[in-house]
Every structure is written in C-alpha cells, then in structure tokens.
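A quick write-up on the structure given underneath.
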Amino acid sequence: MAEKRKFKKRFCKYCETKVDYIDYKDLQQLKHSLSERFKIMPRRLTGNCKRHQDMVTISIKRARQTALIPYIVDRKNVVESPFELIR
Amino acid sequence: MNCYETMFVVQPTLTEEENKAQVQKIMDVITNQGAEIVATKDMGIRRLAYEVKKHKRGHYTVVLFKGQGNSILEIERNFRINEDIIKFLTVRYTNTVEVAQFNKMVADFAPKEEVAKEEPQAPEVEATETQEA
C-alpha cells in the first residue's frame with residue numbers, strides 16, 4: 001500500500017502575487033530565488049512554477065551581467081552580509 | 001519598430017557634468033539611429049557586485065527606446081569604443097507580456113519622461129554650440 005507522501009505542498013510565490021514579468025532591475029523579486037551565495041535556487045526548494053522559474057533564471061543572468069548581483073561568492077570574495085549588496 | 005531597453009554603467013570617477021555629457025552622448029547616438037527615446041532613468045552611483053576594470057562602483061543609467069533592430073549594432077559599437085562605459089546591456093521586449101512590462105516601466109519613469117522630452121531639444125543647442133566652437 002502506497003503511503004501518503006508527507007511533503008508540504010509548496011506554492012509559487014510569484015504566482016501568488018500574480019507577477020507577469022520579472023524585471024532584472026528589481027532585485028527584491030530575484031532575492032527569493034537566490035541562495036546566500038547567489039546561486040540560483042532549484043525549483044524543488046523554492047516551489048516556483050516552471051514558468052516563473054524560467055523568467056527568474058533569465059533575469060538573474062541579466063542582473064549578473066550588469067554587476068547588480070555577483071556571479072560567485074567564494075573565499076576570495078567574502079561578503080560579510082551578502083544581502084546588503086541588494087537593497 | 002521594437003521596444004528596447006539599454007542599461008549602461010559609467011565610471012564613477014567622473015564628475016556629475018562629465019557623466020551627464022556621457023549620457024547625452026549615448027542619447028545622441030540612439031536618436032541619430034532613428035530611434036525614439038521613450039524614457040530614461042538615472043539609477044545613481046551603486047556598488048558593483050564585482051570589480052569591473054578595477055572599479056568598485058558605477059553610475060547606472062537606463063534608457064528605454066523604440067527603434068529598428070539594426071540600430072542596436074551601432075549603439076553597442078559606440079559603447080565598446082567609449083572607455084568611460086564599463087558595462088552595458090540591451091534587452092528587447094517583444095511579446096505582449098514584455099511590451100506590457102515595457103509600458104509599465106515607461107509609466108514608472110514618467111516623472112523623468114518630461115525631462116527626457118526636454119532633453120532632445122537641449123542636445124541640439126549643445127551640438128550647435130560645439131560646431132560653432
């Protein structure tokens with residue numbers, strides 16, 4: 001007998017607020033899908049839907065190109081409070 | 001005619017007037033290509049997320065305009081030549097959702113749009129002055 005999965009149902013935060021387009025300049029929106037090392041968080045952890053994940057990926061990559069957010073945060077490039085960069 | 005957005009970063013070491021001159025230079029290039037500038041936004045001096053040409057800060061400007069696709073080549077060529085510009089990005093807004101966003105941004109920048117409307121007249125005056133000089 002298949003047991004019922006006990007995962008919490010995740011919702012896409014962008015769907016809830018009905019976002020049509022994610023702008024790369026709006027860092028507050030991107031923040032949700034970034035890890036503390038500024039990696040793009042996978043869909044399975046954030047609960048984003050496919051449509052918004054695709055949008056967010058493109059916007060994050062654009063923001064990286066324009067030096068709004070870093071590509072990597074490593075030991076050479078330590079930031080004490082990484083999200084202070086984004087304000 | 002497509003909707004385009006260009007963001008560029010000018011060196012932070014320039015004075016405000018020099019920065020304005022740089023922005024004006026880019027605007028002139030865009031208008032000379034037959035494109036119509038819809039709105040501009042000055043995002044001010046921001047900290048860069050990583051060093052670009054040894055600079056830690058940069059002066060961001062966003063220009064929204066409508067124009068032909070082949071004009072982008074010329075505009076970007078000018079970005080590359082200019083040593084004061086350390087970063088640039090051009091984004092095209094095509095489908096309905098994106099164009100809606102484009103119009104929304106135009107509305108957001110609206111208070112500056114009035115300034116932008118006045119500016120196209122200003123460069124003409126400046127240009128004539130330089131020619132005279």
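Scan B:37, B:30, B:86 and give me the residue that is within 24 Å of residue B:106 (Cβ to Cβ) and part of a strand (DSSP E or B). Write out each step before concluding.
Working: B:30 fails: part of a strand (DSSP E or B); B:86 fails: within 24 Å of residue B:106 (Cβ to Cβ).
Matching residue, one of B:37, B:30, B:86: B:37.
Please determine whether any residue of the range B:37-50 is of a type in the set (Phe, Trp, Tyr) and in contact (Cβ under 8 Å) with a residue 24 or more places away in the chain. Step through it out loud before you land on a result.
Keep residues of the range B:37-50 that are of a type in the set (Phe, Trp, Tyr), which gives B:50.
This time we only want the ones that are in contact (Cβ under 8 Å) with a residue 24 or more places away in the chain, so: none.
No; the residues of the range B:37-50 include none that is of a type in the set (Phe, Trp, Tyr) and in contact (Cβ under 8 Å) with a residue 24 or more places away in the chain.
So that you can scan it fast, the table gives a plain yes or no per residue for (1) buried (at least 16 other Cβ atoms within 10 Å of the Cβ); (2) under 25 Å from residue B:58 (Cα atoms); (3) modelled with pLDDT under 85:
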position: A:7; (1), (2), (3): no, no, yes
position: A:17; (1), (2), (3): no, no, no
position: A:39; (1), (2), (3): no, yes, no
position: A:48; (1), (2), (3): yes, no, no
position: A:54; (1), (2), (3): no, no, no
position: A:61; (1), (2), (3): no, yes, no
position: A:67; (1), (2), (3): yes, yes, no
position: A:86; (1), (2), (3): no, yes, yes
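For the range A:34-56, give me each residue that is hydroxyl-bearing (Ser, Thr, Tyr) and touching a residue at least 24 places away in the same chain (Cβ under 8 Å).
The answer is A:46, and nothing else.
Among the residues of the range B:8-56, count how many are under 26 Å from residue A:74 (Cα atoms), of a type in the set (A, V, I, L, M, F, W, C) and surrounded by fewer than 18 Cβ atoms within 10 Å (Cβ to Cβ).
Narrowing the range B:8-56 to residues under 26 Å from residue A:74 (Cα atoms): B:9, B:11-12, B:45-56.
Narrowing further to those that are of a type in the set (A, V, I, L, M, F, W, C): B:9, B:45, B:48-49, B:52.
Those still in the list that are surrounded by fewer than 18 Cβ atoms within 10 Å (Cβ to Cβ) too: B:45, B:52.
Within the range B:8-56, residues that are under 26 Å from residue A:74 (Cα atoms), of a type in the set (A, V, I, L, M, F, W, C) and surrounded by fewer than 18 Cβ atoms within 10 Å (Cβ to Cβ) number 2.
Only one of these is at pLDDT 75 or above, in a helix (DSSP H, G or I) and surrounded by fewer than 16 Cβ atoms within 10 Å (Cβ to Cβ): B:127, B:122, B:100. Name it.
Values: B:127 fails: at pLDDT 75 or above; B:122 fails: at pLDDT 75 or above.
The match here is B:100.
The values are calculated or read from the model by the stated rules, or taken from the named source; none is laboratory data. No experiment lies behind these values; they were computed from the predicted model shown. Neighbour counts run over all protein chains shown; Cβ positions are idealised from the backbone, glycine included.
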